[in-house]
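**Q** I'd like to ask some things about the structure below.
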Amino acid sequence: MFEISAAAVEGALSAGATYADARTVVARHQRLGAADGRIEGIVEDEKAGVGVRALIGSSWGFYAVNDFGKAREAGERAVAIAKASARVPGRPLPLADIPIVETAYATPVLENPFGVGIGEKADLLVRVTSEMLDAPGISRTSGKLEFWDTDKWFVSSQGHRIHQNIVESGCGMDALAIGEGESQVRSYPQSFGQYETGGFEVIRKWDLPGHVGRVAEEAAALLSADHCPSGVTDVVLEGSQLALQIHESVGHAIELDRILGWEAAYAGTSFLDLDQLGSLRYGSELMNIHADATIPGALGTFGFDDEGTPAQRVPIVQEGTWVGVLSGRDTASIAGLPPGGMVRADGYARIPMVRMTNVGLEPGPHSLEEIISDTRAGILMDTNRSWSIDDRRLNFQFGCEVGWLIKDGRLGRMLKNPTYTGITPQFWGSMDRLAGGDEWVHWGTPNCGKGQPGQVGHTGHSAAPARFHDVRVGVLG
Amino acid sequence: MSRFVELCEDLIGRVPEGLEAQASFRANRKALTRFANSSIHQNVQEEGGVLTLDIVDGGRPARSSTTLTDSDSLDRLVTSAVTAAGLSPVDEDWTGFAPHSDISDVHHHDPETASADPDERAAVVADFISAGPGLSAAGYCDTAEEIMAVANHRGLRYEGRATSAALDGIHQTGSSAGKAHRGSRSLAALDGLEAGEEAAGIARASMGAVDVEPGSYEVILRPNCVATIGAFVGLYAFGGKAASEGRTRAVPGTAQFDRKISIRDDVTDPVALGLPIDWQGTPKRPVELITNGVSRGFVHDRRTAARMGVASTGHDWEYSAWFGPAPTNIFVEGGDSSEAEMIASIERGLLVTEFNYCRILDPTTLYVTGLTRNGTFLIEEGKVTHAVSNLRFTESFFDVLRQGNVLALGDDARLADSEYGPGMVHAPTMHLASWNFTGGAKG
C-alpha cells in the first residue's frame, strides 16, 4: 500500500509541489445499537482511499479519491487546487523540521474486537437495555458498541514511510424516564459512551451489566427530584464532566490554528494570545495539563500524527500558567514553536488539521470522598447532558444529568437539570480541590467536530473529580 | 440505465436467494475553498462514493458499506452483510424495503456547479474579501454534486442528482465581526461582492460593543438564527422518533403556536436542495409541520411510521437508526415586514445576526442554550444605537413561537445557515416579544 501513497506524492511533485504527503487509508468500522431490549441497527462500513496534500507557496491543495488506480492523478489534482489558491495568496507556509523515519506502530490489543461475534455483542446490548427497561419508571433504554480498525500508510516527499494500525473500542448505555412534559436520562460510562484505543477488553472492563440497576434507578428518581437551585455555590464535578470541561475550555482554546485565526469563521478563535504564552494565568496552582499522545489505552493515542511527527507529551498548563499549544508543522513554524505532532485527519478524504491528542488534567492529592467531606455547601454534578461555549472559548454553560446537594460535608438530596456557567480563566482559577488515584480516568471523546468540510475527531481527556469555588448554577430561562 | 443503478443491481444480484436486499450508491464530488486572514489557506476536493448493502434475513437486518467497487470488494460486502444479518436478532419493527413508487420530478441540479473548478470558487472568495478593504476575512465557498442510485428486490430503481453551493464568510475588525451567508443549487447565483459588503457592514457596525445586562428582551432574529430554531423544532418536536417515543410536546390538530407560524418540509419547492428520495428508497413527501399556528404532522421513516400506524414520509437519513427521521428541507414561512420596519417598532430590544453553539438542555421542552455571534445590536426608541457584546441565552425554542410572542416575520426568507449546517432551512427574519438572555460577556 505504500506504493499507492508514493504514486500520489510523485504525481504532486511532478506537477510542481514544493512538498507533498499522502495517506492511503483502509478503515473498518462497526456499530451496534439497541433500544428497549431490541437491536436497532448493525452497521459495518469500510472506507478506503488515498488523500494527498500538496503545498505551493501559501496554500495547501488536497485531493482525495477512493480509486487507488488514480493515486498519481490525485497528486496532480492537489497541485492544481493549490495553484488556484494563488488568486488569493497569503504568506508562505514554512514547515518545521521533524525526524524522517521509516517505521510502524500498532495499538496494543488484547482481544480483537472484530473477532468477537456479533451474536455476543448483540446479546450484551439486548441484555442491558432489557434489564434497564424492566426497572420501575423507565420508558426507554438504549445501548451501543462501536469499533474501528484503521490502517494508514503515510509517505512524504521528504522520505517518510510510516504504517500505523489504530484500533478503537467504545460502549455506552442510557435509561430514559419520561414524566409530565419532561424527560430525564442517566448514562454509563458517560453520556457519549466511553471510548479508548484497544480491543474488546475495553468493553469487558467497563462492565455495562454491572451498572444497569444504578443507572435505571437514578433516571427514574430524577423525575421526582428537586430542580437545581439558582445561585452561586461551590461545585464538585465528577471526572467525565470535568473531562468535557477540559475539552471545551482548554483543549480547543490551545489549538494553534484557532489562535492564528485559521478557524475564525466556523469553530472560532481563542481568548489566548501567543504574547501571553508563559505568563497567562489559566487557573489555580492545582492546574497541570499535558497533551500526551503516548498514554497507553487513551483514545487520543497513536505512534505518529498524520504529518509523520512522533507522538509526544507536551506541557500545556503548569501550576496554573499557560505554557503550551497544540500544533502541526506549519502552525508551529509560523509561531516559532517546536511542532507538537497533533495534526490528524478524519479518514482519507479529509485534510489533516490541528487536533487534540490526550489533553488531560494531572491528578491531585485528594479523593472525591475527601472533597465532599471538606465542602460545607455545594452541588456535586455528574455526567454531561449539554455543552455550549462561545467562539473564543471563554463563556461556557454545561448541563449535567444529575446533581446532589452537598451540605456540611455530606451528600444530600438528588437534583434534576443541574447547570453551571462561567468564564474560563476565572473558573479554572477557582479550582481548590482535585482528586487522583483510582479516580483519575482517561476519558474518551469520540465526537469532536471541527473544520470545513466537517471532521469528527477522537480525543482523550484524563480527569478526576475536582471542586470549584463560587460558581453560578441553576441557569434556566 | 445508469452505471450506478447497474452497480446496485450487480450487488443485489450477488445476494443469496431468499434474502431481502437493497443496494444504494451515493457518489459525491465535493470541493471546498477555505479562507482565513484574507487568503485561501485550505483548498480541498474529494471524489468517490459509498456503496451500501442492506440485507434482511428472516427479519434480521444488517447494513454494510464500502468505498471500494471492484468485484472482490462487492463480494466481501455481501459476505459481511449476510454474515451480520445471520447473527443478528430478529427486528420486530422491520417493515420491509420500499416498493417501487413514483418519485417527485425535482430539478435541484446545475451541471455548471457540478463541474465547477477551484478557480471559479477562488473568484467568489476574492470578491468577498475585496468587499472589506482593511478587514480580515474568513470563511469558505463550496460546491457539491450528490448522486444517489438505489435498487432493491422489490423492483425499486432510481437515480437522481443534485448540486449545492454555498458562500459563508465573516469580515473582522480588530474587535468585531460580521457574517453573511448565501446558498443555492448554483455557484453562479452566489454574489461574493454583495455578500462581502453585507458582512463588512455588520463588522464595522459592531465595533465599540458595549455590555448589556442579561434578561428578557424583545428581539429581532435574522434568518440564520431563525434557521436554527426551525432545525431544532423540526427534528425534536416534529421528528417521528420523538413522536413515537412520547418525547415531544407537539400535538397534531392543536393550536400550539402563534398564528403567524407556518413551517413545512418540502423537497419539491423550487429553491430546496437535495434529492426527492430518502436513504430507505422512499419518496420524500411534503409535510406540513405547523400551519397558521396549528401543529399538523410528523416526518417519518419506515420504522417510526410503522410504530405509529402511518405511512413513511420519506425522511430516513444516514443516522435515522440513532436519531430518528429528520426534516432537511424546512421552510419557515416569511411575512411582509422589512427589518427596518421591525427595528422602528421597538422601544428597547436586541437585533441578533447569528446564534453560536446551540445545545439542547431538554429535548421535550426544547430548552436550548447558545450564544450570539457576528453582530448583536441594541435597539432603543426605534433605532439601532449600539453594538453589544455577545450574550448567552437559555430559551425554549418551542415556547418562543407561542401565540402572541411572534410579532412579525420578514420579507427576506432565504436558504440560511443553521446550527446543523447550511441549506436545510429556508427562513426569514423574525420579531419576537421576548427572549431570555441568561448571561453576558462576563458570565
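**Q** Which members of region B:167-189 meet the condition of being aliphatic (A, V, I, L, M) and in contact with a Ser or Thr (Cβ under 6 Å, 6 or more places away or on another chain)?
**A** Listed by number, the list holds a single entry, B:Leu187.
**Q** Oh, and also: Just to be sure I understand the filter: pairs with C-beta atoms under 9 Å, separated by 6 or more residues or on different chains, first member in region A:451-477 and within 12 Å of A:Leu237 (Cβ to Cβ) and within 11 Å of chain B (Cβ to nearest Cβ), second member among the polar types (S, T, N, Q) and surrounded by fewer than 19 Cβ atoms within 10 Å (Cβ to Cβ). Which pairs pass?
**A** Final answer for the pair search is A:Val471/A:Ser430.
**Q** Looking at B:Gly297, B:Gly293, B:Gly324 in this structure, which one is surrounded by fewer than 24 Cβ atoms within 10 Å (Cβ to Cβ) and on the phi > 0 side of the Ramachandran plot?
**A** Numbers: B:Gly297 fails: on the phi > 0 side of the Ramachandran plot; B:Gly324 fails: surrounded by fewer than 24 Cβ atoms within 10 Å (Cβ to Cβ).
Residue meeting the stated conditions: B:Gly293.
**Q** Ok, one more. If you scan region A:3-33, which residues turn out to be more than 24 Å from the chain's Cα centre (by Cα) and more than 20 Å from A:Val343 (Cβ to Cβ)?
**A** A:Glu3, A:Ile4, A:Ala6, A:Ala7, A:Glu10, A:Gly11, A:Leu13, A:Ser14, A:Ala15, A:Gly16
**Q** So B:Asp57 fits all but one of (1) touching a Gly at 6+ places or on another chain (Cβ under 9 Å); (2) under 30 Å from A:Arg53 (Cβ atoms); what number is the exception?
**A** Among (1) touching a Gly at 6+ places or on another chain (Cβ under 9 Å); (2) under 30 Å from A:Arg53 (Cβ atoms), B:Asp57 violates only (2).
**Q** Take the residues of region A:135-154 that are hydrophobic (A, V, I, L, M, F, W, C) and under 17 Å from A:Leu222 (Cβ atoms): which is nearest to the other protein chains (Cβ to nearest Cβ)?
**A** Here the residue is A:Ile138.
**Q** Identify the single condition in (1) at positive phi; (2) touching a His at 6+ places or on another chain (Cβ under 8 Å) that A:Asp36 does not satisfy, given that it satisfies every other one.
**A** Evaluating A:Asp36 over (1) at positive phi; (2) touching a His at 6+ places or on another chain (Cβ under 8 Å) leaves (2) as the failure.
**Q** I'm told B:Leu371 meets every condition in (1) out of contact with any strand residue (DSSP E or B) (no Cβ under 6 Å at 6 or more places or on another chain); (2) aliphatic (A, V, I, L, M); (3) within 14 Å of chain A (Cβ to nearest Cβ) except one. Can you identify the failing condition by its number?
**A** B:Leu371 satisfies all of (1) out of contact with any strand residue (DSSP E or B) (no Cβ under 6 Å at 6 or more places or on another chain); (2) aliphatic (A, V, I, L, M); (3) within 14 Å of chain A (Cβ to nearest Cβ) except (1).
**Q** Also, quick follow-up: So if I check each of B:Ala165, B:Ala149, which one is crowded, with 24+ Cβ neighbours inside 10 Å, part of a strand (DSSP E or B), without any contact (Cβ under 8 Å) to a residue 60 or more places away in the chain and among the hydrophobic types (A, V, I, L, M, F, W, C)?
**A** When all the criteria are applied, what remains is B:Ala165.
**Q** Would you list the strands (runs of 3 or more DSSP E) that sit entirely within region B:19-81 and hold 1 or more residues that are in contact (Cβ under 8 Å) with a residue 40 or more places away in the chain and at the interface with chain A (Cβ under 7 Å from one of its Cβ atoms)? Outline the logic, then answer.
**A** Details: elements: B:20-36, B:39-57, B:60-66.
Output list reads B:20-36, B:39-57.
**Q** Among residues belonging to region A:70-118 that are surrounded by 17 or more Cβ atoms within 10 Å (Cβ to Cβ) and β-branched (Val, Ile, Thr), point out the one that is farthest from the other protein chains (Cβ to nearest Cβ).
**A** My answer is A:Thr107.
**Q** Criterion first (within 12 Å of another protein chain (Cβ to nearest Cβ), within 30 Å of the chain's Cα centre (by Cα), part of a loop (DSSP other than H, G, I, E, B) and in contact (Cβ under 8 Å) with a residue 24 or more places away in the chain) does B:Ala116 satisfy it? I'd like the intermediate steps shown before the answer.
**A** Details: within 12 Å of another protein chain (Cβ to nearest Cβ): yes; within 30 Å of the chain's Cα centre (by Cα): yes; part of a loop (DSSP other than H, G, I, E, B): yes; in contact (Cβ under 8 Å) with a residue 24 or more places away in the chain: yes.
Yes, satisfied.
**Q** Within region A:178-219, take every residue that is more than 29 Å from A:Val359 (Cβ to Cβ), of a type in the set (A, V, I, L, M, F, W, C) and crowded, with 21+ Cβ neighbours inside 10 Å and give me the one that is farthest from the other protein chains (Cβ to nearest Cβ).
**A** Step by step, filter region A:178-219, then rank; the result is A:Val212.
**Q** A further question follows. Where in region A:356-462 are there strands (runs of 3 or more DSSP E), lying wholly inside it, with at least 2 residues that are within 23 Å of A:Tyr266 (Cβ to Cβ)?
**A** Filter on region A:356-462 gives A:377-389, A:395-407, A:441-450.
**Q** Considering only residues of region A:30-54 that are touching a helix residue (DSSP H, G or I) at 6+ places or on another chain (Cβ under 7 Å), free of Cβ contacts under 8 Å to residues at least 60 places away in the same chain and not charged (D, E, K, R), which is farthest from B:Ser320 (Cα to Cα)?
**A** Within region A:30-54, the match that is farthest from B:Ser320 (Cα to Cα) is A:Ala54.
Each reported figure results from applying straightforward, stated rules to the coordinates on display, with no laboratory input. Just so it is clear, the structure is predicted and the values come from calculations on it, not from any experiment. Please note: Cβ atoms are built from the backbone with ideal geometry, for glycine as well, and neighbour counts cover all protein chains shown.
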